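Each remark here refers to the structure printed beneath this line.
The values are calculated or read from the model by the stated rules, or taken from the named source; none is laboratory data. Only a predicted model underlies this, so the values are computations on that prediction, with no experimental measurement involved. Don't worry about glycine lacking a Cβ; one is built from the backbone with ideal geometry, like all the others, and counts go over all protein chains shown.
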Amino acid sequence: MSHTKQTRRITHASRGTLLHILEALPGAVLVIDDDATIVYANAHAQAMTGATPGEVVGTSLWRCAPQLVSPQLYQAVQQASQTSNPINVAYVSPATKNRLHVSLSPTDEGLVLFFHGDPEPLPHQEAWNRDERMYRDLLESCADAVTLVTPDGVILDINQPTLAGVHRRREEVIGTPLTELPVWSHDPMVQQQLRAAMAQASQGETVRFEVSIHPRTGLSLNMVMTIIPHCDARQQVEYLICASQDISECKHAENELRTLVDAIPQLVWVKRPDGFSEYHNQRWCDYTGMTPEQAQGDGWMQALHPDDRQGVLDAWQVSLHTGTPYERELRLRNGRTGAYRWFLARAEPCNNAQGQIVKWFGSNTDIDEQKRLERALRQSQERANVLMDSSIIGIDISKGEQIVDANDTFLRMTGYTREDLRAGRINWMQMTPPDYRERTLQAQQEFDTQQLVMPYEKELLGKDGSRLPVIVGRVALPSNPAQGIAFVLDNSARKELERRKDDLINMASHELMTPLTAVKLQAQIVRRHLVKQGLHEAAEDLLGLEEPVAQLEHLVGELLDISKIQTDGLEYRQEMVDLDALLREITDTMQYLNPSYTLVVRGAAQTTLIGDRKRLRQIFTNLISNAIKYSPDAKTVEIDLSTSSETVTISVRDYGLGIPRELHDKIFERFYRAAGPRQLAVPGLGMGLSIVAEIVKRHGGTIMVDSTVGEGSTFTVTFPRTRDV
Ligand code: ADP
């Protein structure tokens with residue numbers, strides 16, 4: 001019974017007594033509930049927190065007693081209430097630097113915290129326990145602002161840089177919500193952002209975000225905030241570590257760099273160590289027509305030519321695995337035109353202090369033009385090589401008279417060897433036979449003035465002295481105009497053909513002339529006989545033969561002349577020829593033979609030439625007969641004679657078909673005829689003018705033509721005047 005009574009008494013007494021004891025205890029006692037709200041505080045505790053019982057009870061331990069709060073205490077509270085096991089914890093208050101010993105005893109309603117003795121001021125640094133010291137050193141040595149908060153955002157600890165930034169003392173902020181620090185509280189949007197991030201982090205996730213804050217008007221800071229949840233052994237989030245870093249300068253520098261990177265002509269990109277593309281400069285986006293978002297990761301590959309994709313990927317993998325710089329030519333599509341251009345892609349890895357690759361910096365340089373030029377160069381080189389190596393054309397390079405280089409064909413044509421070439425034994429002037437010396441010197445002059453020699457015919461002396469007919473043309477090397485590159489074509493086949501043609505003409509003209517003369521004489525004899533026998537009608541018929549025979553005779557005569565010019569040259573008599581009389585005689589005959597034309601003779605030569613009358617007649621007969629032949633519609637031919645002290649000039653003018661300018665020289669070549677249909681309708685073999693030119697030349701004169709198609713032609717012959725004899 002007494003036991004029961006005693007118990008009851010004791011129980012009764014113990015509540016009051018206990019409270020008394022609690023008040024009398026030398027240490028501070030706090031009782032908190034599950035939410036860390038203080039439900040009881042003894043006098044010591046009130047003294048320690050510096051608040052009245054009314055202020056203390058009912059508020060959160062973390063908010064009302066910053067001088068007690070520390071992560072260690074927070075951790076211990078969490079642990080004790082979750083495990084229901086008593087815990088002892090000793091720590092240094094971050095706010096007061098006092099050493100505190102606390103016993104935490106879980107009860108049914110919450111937790112009793114007993115602070116042993118008075119908080120001792122920390123005599124020496126050494127008094128900190130090692131872990132704590134390390135923790136504090138770490139926190140304070142950190143240049144970034146670091147704050148430890150409860151999962152619902154109450155500050156448990158805070159380092160000096162953060163305090164300096166907000167101009168607060170530690171004890172002022174510990175136990176207050178982080179979102180109420182002035183940096184965050186001034187902007188509800190920013191505050192909200194932080195709150196959301198902390199909520200996410202308290203789920204066990206590391207959160208990182210960039211934020212721009214304006215702590216004072218006119219001051220804008222870019223911060224990157226990282227919130228790392230700290231978990232206990234059971235993977236419960238105990239508290240959050242919030243580290244904020246001022247990246248304003250970085251941002252500024254980054255912006256400057258970005259402007260710079262956008263200004264350079266290259267397409268620039270940055271990839272992560274795993275190959276993920278994370279940045280492309282403006283130029284990259286402008287060129288490909290992709291947005292930075294589209295280009296991210298593997299998106300950029302859309303701009304890559306399908307044929308280049310595999311190769312690029314393979315090379316990139318090699319670089320990623322070996323860490324060696326990446327270099328590759330690739331084609332990227334221009335987003336605007338849809339056409340691909342060649343780029344040289346290069347990338348260098350960027351390492352951190354530990355030597356790990358943290359980024360790959362890459363650039364693409366447009367090499368399309370270069371590629372095109374390379375291709376064109378390769379092609380032209382290939383073409384030049386084919387020509388050089390072909391056995392069709394001899395090529396030599398000369399400096400002055402010496403040939404300094406030549407292809408095999410040239411050497412084979414001339415019989416020289418490479419050794420001769422190296423020893424400088426090939427000299428093209430020495431390879432020129434005397435009869436071509438003049439023409440060759442003329443070509444050299446052409447080269448000196450125009451850096452070009454139009455193809456001309458000549459002969460070369462081979463090493464063994466044999467003569468080789470060739471066609472030669474030469475141009476100066478643009479890089480070194482003193483040197484010329486010449487092509488040499490073997491012309492012997494053509495020359496041989498020409499020789500045979502000349503032989504044929506020679507033979508044919510002689511062979512034809514003999515029977516023709518016989519026919520002509522025979523006809524005359526027969527006609528005379530017929531007249532004698534009084535058979536006048538038959539004799540008259542025979543006259544009809546004379547005209548075609550005369551035409552034939554004229555033709556064969558011209559053939560003979562041509563042949564003679566080619567072989568021994570024409571023979572000329574030296575006689576006094578009165579030009580006026582000769583011209584009158586010719587025009588009278590021509591007028592008689594061509595009654596439908598009007599031949600007008602103007603002026604007088606008043607000159608006697610020494611020359612071959614028959615040949616001089618041939619000149620003017622030919623010119624006048626051409627003037628008539630090639631004027632099917634105009635009926636006037638004018639012959640002008642004039643004289644000066646030195647020369648006498650005879651011109652024959654018609655108003656006929658005319659001759660294209662580019663043929664003015666050619667018509668004096670033998671067998672050359674203008675190819676127009678109206679010209680070809682006129683019978684002829686292209687021999688007359690070449691004979692005329694030869695005769696004029698042999699009389700020391702010149703012949704020129706002035707003509708416009710459709711308007712007519714003027715042939716002008718000029719002779720030097722013979723001194724009066
Ligand atoms: P042919 O008259 O027999 O053809 P020529 O040597 O006399 O040969 O003349 C050469 C070419 O020059 C002619 O075929 C003709 O095309 C052109 N020719 C010569 N004289 C004249 C002229 N007076 N008017 C127009 N063309 C002419």
Inset, instruction - Could you pull out the residue among Arg584, Arg617 that is modelled with pLDDT of 95 or more, part of a helix (DSSP H, G or I) and loosely packed, with under 15 Cβ neighbours inside 10 Å? - result: Arg584
Inset, instruction - Confirm whether Ser509 is touching a residue at least 24 places away in the same chain (Cβ under 8 Å), closer than 24 Å to Ile565 by Cα and not acidic (Asp, Glu). - result: yes
Legend entry - One residue from Leu570, Leu609 being under 30 Å from Lys501 (Cα atoms) and in contact (Cβ under 8 Å) with a residue 40 or more places away in the chain: Leu570
Legend entry - Test set (1) of a type in the set (A, V, I, L, M, F, W, C); (2) touching a Ser or Thr at 6+ places or on another chain (Cβ under 9 Å); (3) not in a loop (DSSP other than H, G, I, E, B) - Leu552 fails condition number: (2)
Legend entry - Hits in segment 246-270 (condition: within 25 Å of Glu140 (Cβ to Cβ) and either of a type in the set (D, E, K, R) or surrounded by 18 or more Cβ atoms within 10 Å (Cβ to Cβ) (or both)): Asp246, Glu249
Legend entry - Candidate set: segment 623-643, residues that are part of a loop (DSSP other than H, G, I, E, B) and either without any contact (Cβ under 8 Å) to a residue 24 or more places away in the chain or among the charged types (D, E, K, R) (or both); chosen: the one nearest to the ligand (Cβ to nearest atom): Asp633
Legend entry - segment 644-661 - residue that is surrounded by fewer than 20 Cβ atoms within 10 Å (Cβ to Cβ) and more than 16 Å from the ligand (Cβ to nearest atom) and, of those, nearest to Arg617 (Cα to Cα): Thr649
Inset, instruction - Among residues belonging to segment 706-717 that are of a type in the set (S, T, N, Q) and surrounded by 14 or more Cβ atoms within 10 Å (Cβ to Cβ), point out the one that is farthest from the ligand (Cβ to nearest atom). - result: Thr716
Legend entry - Residue that is in contact (Cβ under 8 Å) with a residue 12 or more places away in the chain and of a type in the set (D, E, K, R), where the choices are Asp578, Asp503: Asp578
Inset, instruction - Report yes if Ser690 is touching a residue at least 12 places away in the same chain (Cβ under 8 Å), within 7 Å of the ligand (Cβ to nearest atom) and hydroxyl-bearing (Ser, Thr, Tyr), otherwise no. - result: yes
Legend entry - Single residue of Asp389, Asp420, Asp396, Asp405 found to be among the charged types (D, E, K, R), in contact with a helix residue (DSSP H, G or I) (Cβ under 9 Å, 6 or more places away or on another chain) and closer than 17 Å to Ile471 by Cα: Asp396
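Yes/no per residue for (1) in contact with an Asp or Glu (Cβ under 6 Å, 6 or more places away or on another chain); (2) aliphatic (A, V, I, L, M):
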{"site": "Asp298", "(1), (2)": "no, no"}
{"site": "Met301", "(1), (2)": "no, yes"}
{"site": "Arg309", "(1), (2)": "no, no"}
{"site": "Ala315", "(1), (2)": "no, yes"}
{"site": "His321", "(1), (2)": "no, no"}
{"site": "Thr324", "(1), (2)": "no, no"}
{"site": "Leu330", "(1), (2)": "yes, yes"}
{"site": "Asn334", "(1), (2)": "no, no"}
Inset, instruction - Could you check, for segment 545-567, whether at least one of its residues is small (Gly, Ala, Ser) and loosely packed, with under 11 Cβ neighbours inside 10 Å? - result: no
Legend entry - Residues of segment 595-610 satisfying the condition of being modelled with pLDDT of 95 or more and in contact with a helix residue (DSSP H, G or I) (Cβ under 6 Å, 6 or more places away or on another chain): Tyr597, Leu599, Val601
Inset, instruction - Identify, from the list Ile703, Ile695, the residue that is more than 8 Å from the ligand (Cβ to nearest atom), in the same structural domain as Lys614 (by TED's automatic domain parsing) and either assigned to a loop (DSSP other than H, G, I, E, B) or surrounded by 21 or more Cβ atoms within 10 Å (Cβ to Cβ) (or both). - result: Ile695
Inset, instruction - Could you name every one of the helices (runs of 4 or more DSSP H) located completely within segment 366-474 that has at least 1 residues being within 30 Å of Val268 (Cβ to Cβ)? - result: 368-389
